[in-house]
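Colleague: Would you mind keeping the following structure in view while I ask a few things?
The values are calculated or read from the model by the stated rules, or taken from the named source; none is laboratory data. This is a predicted model, so every value here is computed, not measured. All Cβ positions, even for glycine, are placed from backbone atoms using ideal geometry, and neighbour counts span all protein chains on display. Side chains included, ligands, DNA and RNA excluded: accessible areas come from the protein's heavy atoms. Shrake-Rupley method; radii C 1.70, N 1.55, O 1.52, S 1.80 Å.
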Amino acid sequence: MSHRPAHPVLTPTFSLRPVRKLALLAALLAGAACSSDKKSNVVISTVKVQRRDIVIDAQATGVVEPINVVEVKSKASGQILKMPVETGSLVQPGDLLVQIETRDTKNQYDQAAAQLSAAKSKLEVSVAQKKRSDDLFKGRIITAPEHEAAQLDYANAQSQLVAAATSMDLAMQRLEDATVKAPVAGTVIEKTVSLGTVITSATGAFGGGTTLLKMADLGRVRVRALFNETDIGQVRPGQTATVVVDAYPNRPFTGVVEKIEPQAVIQQNVTMFPVLVTLDNGEGLLKPGMNGETSVLVDQRLGVLAVPNDAVRNTREAVATAPILGLDPDSVRVQVAAQQSAMRGNRGGAGGAGPTGTPSGATRGVSRGDVSLGAQQGGFQMPDVSDKDCAAVDAALRKKPMEKKRLDDLRDQMRGGTGDRQAIRAEMEKIYAAVGVDARVAGACRRREMQQQGAAPGAQVPSAPQRGADTRRAPGAGLTIGAAETGGGVSRRSRPGLVFVKKGASFEPRVIMLGAANFDYSEVVSGLSEGEEVAMLTAAAMQAQRQQQNDRMRQNTGVPGMQSTQPAGQRAAGGAASGGAARTGGGGR
């Protein structure tokens, strides 16, 4: 009976402590991330409402070009023997530009001179023969046909002399045409031929002859800038323009808008209009072909309350903006609605307002060419005037009866819808300037007079847009805004906006009225006081977006080496189970 030695049973043993420690570490990291999320708050930056200058301009890119380009051609044909000028040469009227070979023209001139000399001699002989013929015919020595033959010979001699003189003059012109001189003072900007080139005449050739060179007076140049069609309505001839070229980025050049081309130019599905700006180039710094930025001054407001555009939102964005500042969206919506309702009530007047903001039981007269009586708050911004200011305007106009009559005629044209409204307003501004009156003050006095007199009898608010009137409506105002007599010639209207004003540690929404605006700031017409702090909403929105991205990354990213879709405890338990099974299978046979 054989004895089999007993073998010990091998049982796999391992510890769960490393896995438990790993799970505990993952839980601590998750808790730390959650605690950091709770503590992280968006920092809201604020800015104070201050007074500043708001400059509104229309900008476009343009190219410098000469105003008048002269193409120099030659009336003579032949080979170029001398050309003392080069591109960039400054020439004066009469300076030599091109000398063409004169052999043929000189020969023609000599031949014409000889013919002229022969014609003169022939005329002298004919004069003598005619005189003898007259004497002989009086003495009845020669017959009548012989006398007539002498007279005919004299007439032919006179005709030959005229023909020879004409040929001589033409030959002299052809000889002079071989010497091409500068027609005007200027600079040679292009040279198309060189010494030794055979050219054709500009008068005798079918193609118009050979262009020798191009020259222009660069003392005054212009910039052809392409303005977007959205800005072209604010650009007018006579406005001041500033041009900055790439060659001199720190040297602005001041010019004047010369004209606006009537034909649009379409580039990449964008409609633009060429605007010509004339510049003084006495120093000769501007060269044809230079690229530059053209800025036309449209309007400017000096020393007005202004708020950054980054702090302004549309009233419809109140609910979406509230969470960024930690405010309740429903509460913000109620406050904004109440402020808008109060603003519409103020526009309607004390006696109540109808749908269009007209006081009940009253009609508002609208005169084309003048601001509507109800557009004082929601429409154009006029300066505050006193009785003294208006009396001074009336006194100045009474001293100039012709100018006053001209202003009345221009107003009649504007009311009748005849003529260019912009041109009429520009003419009125010139008349006011000649009289010594501020056009804005005069317009405010005229509006004040109309308000004191009341609406004209039987005047009704037009039901349809009248020709030439701006029928855009200010949001919430319900007022049809017409053209106004303003000093800048640009119609202005206010618009509502939403800002969040700092109150202690929180913010409150406030609906304000905004006026002129550029890319950075907007004029505050009402609703804010100097020194109040408003929240910079653009920066706050960017911080909130970045915070949300960081939160999503922390949620989707766990401990390195572990799946982010399972909790840390499940991942540890799963790892322990799989590890135990593997080890059991490896040594349990």
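Colleague: Using a cut-off of 29 Å between alpha-carbon atoms, which lysines can reach Lys181, once sequence neighbours fewer than 8 places away in the same chain are excluded?
Modeller: Result set, ordered by chain and number: Lys73, Lys75, Lys82, Lys106, Lys191, Lys214, Lys287.
Colleague: Under a plain spin-label model, where a point goes 7 Å from the Cα along Cα-to-Cβ, how far apart in nm are Gln549 and Leu195?
Modeller: 6.7 nm
Colleague: Suppose the chain between Thr538 and Asp409 were pulled fully straight at 0.36 nm per residue; how much longer would it get relative to their current alpha carbon spacing? Walk me through the intermediate numbers first.
Modeller: Numbers: separation 129, 0.36 × 129 = 46.44 nm, distance 5.06 nm.
Difference between extended and current length: 41.4 nm.
Colleague: Going by average Cβ neighbours within 10 Å, how do the peptides 495-502, 543-550 rank, with the highest at the top? Present the calculation step by step, with values, prior to reporting the outcome.
Modeller: Numbers: 495-502: 21.9, 543-550: 12.6.
By packing density, highest mean first, the sequence is 495-502, 543-550.
Colleague: Now for a separate question. Given 4 °C and 1.567 mPa s, compute D for region 152-266 with the Stokes-Einstein relation, Rh being the Kirkwood radius over Cα pairs; round to the nearest whole µm²/s.
Modeller: On the way: Rh = 20.3 Å.
D = 64 µm²/s.
Colleague: A further question on this structure: Using mean Cβ contacts within 10 Å as the protection proxy, how do 107-120, 292-305 order, highest first?
Modeller: On the way: 107-120: 15.7, 292-305: 18.6.
Peptide ranking by packing, descending: 292-305, 107-120.
Colleague: OK, next. Leaving out same-chain residues fewer than 8 places away, which aspartates and glutamates sit with a Cα under 18 Å from that of Lys120?
Modeller: Asp110, Asp153, Asp169
Colleague: Next question, about the same structure. Any aspartates and glutamates with Cα under 18 Å of the Lys399 Cα? List them, leaving off those in the same chain fewer than 8 positions away.
Modeller: Asp389, Asp408, Asp409, Glu429, Asp438
Colleague: Heads up, I need the accessible area for Ser159: 1.4 angstrom probe, whole protein in place, Å², nearest 10.
Modeller: Taking all protein chains as shown, Ser159 has close to 70 Å².
Colleague: With a ≥ b ≥ c taken as the square roots of the eigenvalues of the C-alpha gyration tensor of region 264-319, please select rounded if a/c is under 1.5 and otherwise prolate if a/b is larger than b/c or oblate if it is not? Don't skip to the answer; put the middle values down first.
Modeller: Details: a/c = 3.48, a/b = 1.72, b/c = 2.03.
Because a/c hits 1.5 or more and a/b fails to exceed b/c, region 264-319 counts as oblate.
Colleague: Next question, about the same structure. Within region 149-236, report the chymotrypsin sites (Phe, Trp or Tyr not before Pro) that DSSP leaves as loop and that have at most 14 other Cβ atoms within 10 Å. Walk me through the intermediate numbers first.
Modeller: Numbers: sites: Tyr154, Phe206, Phe227; in loops: Phe206.
Answer by residue number: Phe206.
Colleague: Still on this structure, please answer the following. Can you compute log10 of I(q)/I(0) for region 84-146 with the Debye formula, treating each Cα as one identical point scatterer, at q = 0.12, 0.14, 0.28, 0.30 Å⁻¹?
Modeller: Calculated log10 I(q)/I(0) at the listed q: -0.61, -0.68, -1.08, -1.13.
Colleague: Sticking with this one: For the pair Thr557 and Gln268, how long in nm is the line joining their label points, each one 7 Å along Cα→Cβ?
Modeller: Taking the two extended label points, one gets 3.7 nm.
Colleague: Using 0.36 nm times the number of residues separating Arg140 and Asn314, minus their current alpha carbon distance, what extension gain do you get?
Modeller: Working: separation 174, 0.36 × 174 = 62.64 nm, distance 11.87 nm.
Full extension of this stretch gives 50.8 nm more.
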